[in-house]
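Have a look at the structure below before the remarks.
Read the figures in this text as sums done on the coordinates, not as results from a lab. The model shown is predicted, which means the values in this text are computed figures rather than measured ones. As a convention, Cβ positions derive from the backbone with ideal geometry for all residues, glycine included, and neighbour counts pool all protein chains shown.
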Amino acid sequence: MAAYIYGDIEVTNPAAYETYRQQVPALIAAHGGRYLVRGGAVETLEGDRPPRRQV
C-alpha cells in the first residue's frame, strides 16, 4: 500500500533538527521508503507566508 507524507516545517532548534535530519534517511530506507521530493528553492505564490523547509 502506498502512502505519501508531505512535510512543511519550521526549524526552531537547528541542533536538534540536524540530529533528526541525519537519522531519518536510514529509518525511511529500513522500511522501504524513499524521497520523491526533498529540499530545493521554495516560492510562495499566494499570501505572505515565508518559505520553509519542504520534504
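Helix 14-30 and the long axis of the chain differ in direction by around 40°, with both axes built from C-alpha atoms. The helix-based estimate of mean residue ellipticity at 222 nm for the chain, built from -39,500 (n - 2.57) per DSSP H run of four or more residues and divided by its residue count, is -10500 deg cm²/dmol to the nearest 500.
Counted residue by residue at 0.36 nm each, then reduced by the alpha carbon distance between them, the extension gain from residue 53 to residue 19 reaches 10.7 nm.
How high is the FRET efficiency between residue 43 and residue 11 when r is their beta carbon distance and R₀ equals 25 Å, given to the nearest 0.05? My answer for the efficiency is 0.85. Computed from point charges on the beta carbon alone (+1 for Lys and Arg, -1 for Asp and Glu), the dipole magnitude for the chain about its Cα centre is near 260 Debye.
Each Cα pair under 8 Å and six or more residues apart adds its sequence gap; the mean of these over the residue count of the chain is a relative contact order of 52 percent.
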